[in-house]
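Take a look at the structure below.
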Amino acid sequence: MSVLIKNGRIITAVDDYHADIYIDGETIAAIGRDLPHHADRVIDAAGRLILPGGIDPHTHFDMPFGGTTSADDFESGTIAAAFGGTTTIIDFAIQTKGRSAIEGLDTWHAKADGKATIDYGFHMIVTDMPVSRLPELRELRDRGVTSYKLFMAYPGVLYVDDGTLYRTFRQAGENGTRICMHAENGIVIDEIIREAVEDGKVAPRWHAHTRPTRMEAEGVHRAIAIAEVANVPLYIVHLSSFHALEQVKIGRARGVDVIAETCPQYLLLDDSWYDRPGFEGAKWVMTPALREKWNQAELWQGLRMGDLSAIATDHCPFCFKGQKELGLDSFTKIPNGAPGVENRMSLIYSAGVVEGRLSLNRFVELTSTAAAKTFGLFPKKGTIAVGSDADLVIFNPTRKEVISIDRPHTHHMKVDYSAWEGHEVTGWSEIVLSRGRVVVENGSLVTRGGGRYLPRVGHGELNR
Ligand code: URP
Ligand code: ZN
Ligand code: ZN
């Protein structure tokens, strides 16, 4: 199958020009002015931007958490991602405490293989890493899992102690792989939570009050210090606050290899969402919590200045009915997480490019290229170039939409609310191609399935 995309404006992290793109099978075969017309399918992209498919390096599909399981599986989650212009996700496989991490990887393959519509990779959440298990990290790397998430939060669940952090960091560094860090001091936070609950403070808003930004900053500081000593590249996930960002800046100024992602919810929503009537604030109970509004300008500046290098979603959806409601009598039982994999590209284009906070090139870098480079997928993914996978978004830069659960063309996630209900955006993904296959076109799913596992390389290795 060949596809010719004509008359579009091609945007990458560094380019901005008008040209045609010729796709032969799964990859881009030629880019040029007035390419000859011979193709099985010709798409006229006049007036549209052509973007590299979005890469969301932080999703939780089919994830057991908080006494339940996230509402999107790899089928619904990858379809929703495609509707939103994302053509690659990196999800988090989990090692069960006391068991092999390889077994965790096999479990996540069983969840994803044959179900996904777009391509996917895995990070591994390490919950337990005695010396005897360290060789498993090399085996994971050889199977294309070149990044490991560890948690300072959630004691008794995903939390690991500093010794485990150091051991895993050391081995990951030696293997040429990367550490992803959930940086929040969960031990102290659990004490703050205990005090709040003893005082009868159990409404959703107390989720935010019990997770101070200083405890996120402490976690970032500690992770950077351990990574510096262990000599491993560090990636702070879902960074949410100015205090945490300050620590990243200090580490980077010292020359530590630390970068960080933030998420649309921390850029555009704030802790006033927890004051919604009744139990509604539970919809935004996620970790880290939404912060005071003044943090947002600092995060946008961090994106502009390069101290924040990617925007992911941390998509971890739980239905309001039956799932979030598990915490009706106490915020401590609300499953943590919110949906968003479908919304990221339009939200960031709109608030970033249209509202003048980001250049078009930086938008592409933050939503696609940086993740490809950081996580060993570039230049197969994350750019528009001859030889790259034909993962492309034909994006209407002026189309206005209102995101709502009641407007089905804006919501394909299998969750009964939108975290962005009523939010108006400018900019919409109209045609989405994954490895040369049109998967979404003008509001319809054209191709279901066909997404492939992406074994990733470590840093310093070439992905061709
Ligand atoms: O609330 C969140 N973020 N849930 C998903 C797990 C995590 O910490 O990323
Ligand atoms: Zn996390
Ligand atoms: Zn997460």
Using 0.36 nm per residue, how much length does the chain from Ala225 to Ser132 gain when fully extended, once their Cα-Cα distance is taken away? 31.0 nm
Relative contact order %, the chain, counting alpha carbon pairs below 8 Å whose residues are six or more apart: 22 percent
How would Cys180, Cys319 line up from fewest to most surrounding beta-carbon atoms within 10 angstrom? Cys319, Cys180
At q = 0.24, 0.27, 0.33 Å⁻¹, what log₁₀ I(q)/I(0) does a Debye calculation on the Cα points of the range 250-295 give, no solvent, two decimals? -0.85, -0.96, -1.16
With θ taken as phi - 60° and the coefficients 6.51, -1.76 and 1.60, list the Karplus ³J(HN,Hα) couplings across the range 325-333 in order, rounded to whole Hz; mark glycine and proline as x. 5, 4, x, 4, 8, 6, 4, 5, 9
Computed about the Cα centre, the charge dipole of the chain from +1 Lys/Arg and -1 Asp/Glu charges at the Cβ has a magnitude in debye, to the nearest 20, of 580 debye
Förster radius 41 Å - calculated FRET efficiency between Thr398 and Met305 (Cβ-Cβ, nearest 0.05): 0.90
The FRET efficiency for Asp106 and His18, from their Cβ-Cβ distance with R0 = 35 Å and rounded to 0.05, is 0.15
Nothing charged except the Cβ atoms of Lys and Arg (+1) and of Asp and Glu (-1): what's the magnitude of the dipole of the range 266-381 about its Cα centre? Round to the nearest 20 debye. 460 debye
At 7 Å along Cα-to-Cβ for each site, give me the label-to-label distance between Arg452 and Ala253 in nm. 4.6 nm
Per residue, the convex hull volume that the Cα atoms of the chain enclose (Å³): 124 Å³
Quote the FRET efficiency, to the nearest 0.05, computed for Asn442 versus Val354 with a Förster distance R0 of 35 Å and r equal to the Cβ-Cβ distance. 0.95
Simple Cβ-charge dipole of the range 169-226, Lys/Arg +1 and Asp/Glu -1, about Cα centre, in debye nearest 20: 220 debye
To check you understand DSSP bridge types, tell me what percent of the beta bridges within the chain (both residues inside) are antiparallel, rounded to 5. 50 percent
antiparallel share of DSSP beta bridges within the range 1-105, to nearest 5, in %, is 60 percent
What's the ranking of 343-353, 57-67, 125-135, 84-94 by average number of surrounding C-beta atoms within 10 Å, highest first? 84-94, 343-353, 57-67, 125-135
How would you order 297-303, 206-212, 13-19 from highest to lowest mean count of nearby Cβ atoms within 10 Å? 206-212, 297-303, 13-19
Considering the Cα positions of the range 184-328, please state its Rg to one decimal place and its Dmax as a whole number of Å. 15.9, 48
Towards the positive end of the charge dipole of the chain, with charges on Cβ (+1 Lys, Arg; -1 Asp, Glu), say which of His315, Ile43, Ile179 has the farthest Cα. Ile43
In units of 2.2 N^0.38 Å, what is the alpha-carbon radius of gyration of the range 31-147? 1.39
By average Cβ neighbour count within 10 Å, what is the ranking of 402-412, 433-443 from highest down? 433-443, 402-412
Rg(Cα)/(2.2 N^0.38 Å) for the range 217-286, N = residue count: 1.36
Report the gain in length on full extension from Arg407 to Thr27: 0.36 nm times residue separation, minus Cα-Cα distance, nm rounded to one decimal. 133.4 nm
Relative contact order for the range 216-258 using alpha-carbon pairs under 8 Å, separation at least 6, rounded to a whole percent? 52 percent
Among all helices in the chain defined by DSSP H, which have a length of 20 Å or more along the axis from Cα atoms plus a Kyte-Doolittle mean of at least -1.0? 213-230
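Taken together, the values in this text are just the output of simple stated rules run on the coordinates, not laboratory data. Since the model is a prediction, treat every value here as computed from it, not as a measurement. Cβ coordinates were reconstructed from backbone atoms using ideal geometry, including for glycine residues, and neighbour counts include every protein chain displayed.
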